[in-house]
Amino acid sequence: MKTAVAGLEPGVHFITGTDTGVGKTVFTALLLRALRAAGIAVVAVKPFCSGGRGDARALFQALGGSLPMEAINPWHFRAPLTPLLAARRCGATVSQEEVLQHIRHVATGAGRTLVEGAGGLLSPLGEDYAARELLVALRATPWIVCPNRLGALNQCRLALAALPRPFERRARLVLMSGPAATGCARSNRDLLGEFIDPQRIVSVPYLGSQPLAAPVPRVIHRLAQASGGPADAVGPGGPGRQRRS
């Protein structure tokens, strides 16, 4: 039986997670591919990369090269640390307003904008702000990515509780399955569905050792199809104010 999912309404959607390395880039790239295949205008921004730009390159490829790398990822640092510490290490400062201006510039004219954070919801991105502060300022719909394993219930509920109430009511959960389906993994979605609308929970199957090269799973295609028709125009914009390490 197909699982009903709520689509992406026009506007900004912020993909964050319960931790680093939980599958945010994989989910974002697959969703980009599905939205584009459905004819829906979409752009994506990964404001911060630390220790390499592999995540941003994955989004660049998923967008078919329609948006320049510097627009997708304006701030990148060599040190594999949370962006705040990586920026401090090289003497850089990136203000919240700079990040917001860049995202809004890239989003101009786009039907939907996906913003992928770095680390978890509360990982510090700059002085006095994290993903939570950015998504609130952007009035974005939060998407919380979590590995579907033991502990997911607590991690997801903690992330939801960290959001202001209006954003918690709109938040979506994305459960990324691992190679071995455990009993708790099979029951996590059902139990989380007792706390939020089950249509706001997406369960992504295991995609193998190279998930970015895998076909887009049906659940993500259904998510894109539930998002409605294509926007009138794509307005990717150009790179905004940028600072590199």
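Specify the residue that is surrounded by the most Cβ atoms within 10 Å (Cβ to Cβ); the eligible residues are those in region 168-184 that are in contact (Cβ under 8 Å) with a residue 40 or more places away in the chain and either among the hydrophobic types (A, V, I, L, M, F, W, C) or not in a strand (DSSP E or B) (or both).
Filtering first and then ranking leaves Val174.
Name the single residue that is farthest from Gly193 (Cα to Cα) among those in region 126-167 being in contact with a Phe, Trp or Tyr (Cβ under 6 Å, 6 or more places away or on another chain), among the aliphatic types (A, V, I, L, M) and not in a helix (DSSP H, G or I).
Ala140
Looking only at region 1-39, count how many residues are assigned to a loop (DSSP other than H, G, I, E, B) and either touching a Cys at 6+ places or on another chain (Cβ under 7 Å) or under 30 Å from Gly52 (Cα atoms) (or both). Break it down into steps so the answer makes sense when it comes.
Going residue by residue through region 1-39, those that are assigned to a loop (DSSP other than H, G, I, E, B) are 1-10, 18-23, 38-39.
Cutting the leftovers down to either touching a Cys at 6+ places or on another chain (Cβ under 7 Å) or under 30 Å from Gly52 (Cα atoms) (or both) gives us 8, 18-23.
So the answer is 7.
List the number of the failed condition for Gly119; all other conditions in (1) outside any loop (DSSP other than H, G, I, E, B); (2) touching a helix residue (DSSP H, G or I) at 6+ places or on another chain (Cβ under 9 Å) hold.
(1)
Regarding Ala86, is this residue farther than 24 Å from Ile220 by Cα and in contact with a Phe, Trp or Tyr (Cβ under 9 Å, 6 or more places away or on another chain)? Steps first, answer last, please.
Working: farther than 24 Å from Ile220 by Cα: yes; in contact with a Phe, Trp or Tyr (Cβ under 9 Å, 6 or more places away or on another chain): yes.
Yes; evaluated as a whole, the condition is true for this residue.
For the condition of a type in the set (Ser, Thr, Tyr), within 19 Å of Leu153 (Cα to Cα) and within 18 Å of the chain's Cα centre (by Cα), what is the one hit in Ser177, Ser227, Ser187?
Ser177
Each reported figure results from applying straightforward, stated rules to the coordinates on display, with no laboratory input. Predicted model only: the values in this text are computed from it and were never measured. Every residue, glycine among them, receives a Cβ derived from its backbone with ideal geometry; neighbour counts consider all protein chains shown.
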